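Below you'll find the structure, written out as C-alpha cells, and then a few comments.
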Amino acid sequence: ALKWKNTSGTGYQIQYATSNNFKGAKTVKASAKAISGTAKKLKSKKTYYVRIRTFKKAYGKTVYSGWSKVKKAKVK
C-alpha cells in the first residue's frame, strides 16, 4: 500500500517501475481526495521504484509539479 500527504490540486500521478531510471514505467492517476493506494499485479520478490506528483487543471491546461523523491520497495 502507498500513502502520501494530501496537497492542493486536481489529482496525483503515481509512477512505478522495476528500474531506478523509470524506463518502461507504468503511470496511474488518483483523485485529489486520495491519500493512499494499492498497486496490483506486481511481481513477487521484485524491487519497485515509486514516485508521485500532483497535477492541476486550469484554463484548459494541465500543470504538473515536479516528481517526488524516489522510494524503493520490495514486494513480498
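The values are calculated or read from the model by the stated rules, or taken from the named source; none is laboratory data. As the structure is a computational prediction, the values presented were derived from the model and not from experiment. Note that we place each Cβ from the backbone using ideal geometry, even for glycine, and neighbour counts take in every protein chain shown. What goes into the accessible areas is simple: the full protein's heavy atoms, side chains included, and nothing from ligands, DNA or RNA. Shrake-Rupley method; radii C 1.70, N 1.55, O 1.52, S 1.80 Å.
Pairs needed: first member in the stretch 1-20, within 12 Å of THR54 (Cα to Cα) and open to solvent by 60 Å² or more (accessible area, probe 1.4 Å); second member anywhere, part of a loop (DSSP other than H, G, I, E, B) and modelled with pLDDT under 80; C-beta distance under 9 Å; at least 6 residues apart or different chains.
That search, which allows pairs on different chains as well, returns LYS5/ILE35; ASN6/ILE35.
Go through the stretch 23-55 and count every residue that is open to solvent by less than 100 Å² (accessible area, probe 1.4 Å) and not β-branched (Val, Ile, Thr).
17
Checking LYS69 against (1) within 19 Å of LYS3 (Cβ to Cβ); (2) open to solvent by less than 50 Å² (accessible area, probe 1.4 Å); (3) assigned to a loop (DSSP other than H, G, I, E, B), only one condition comes out false. Which one?
Checking LYS69 against (1) within 19 Å of LYS3 (Cβ to Cβ); (2) open to solvent by less than 50 Å² (accessible area, probe 1.4 Å); (3) assigned to a loop (DSSP other than H, G, I, E, B), the one that fails is (2).
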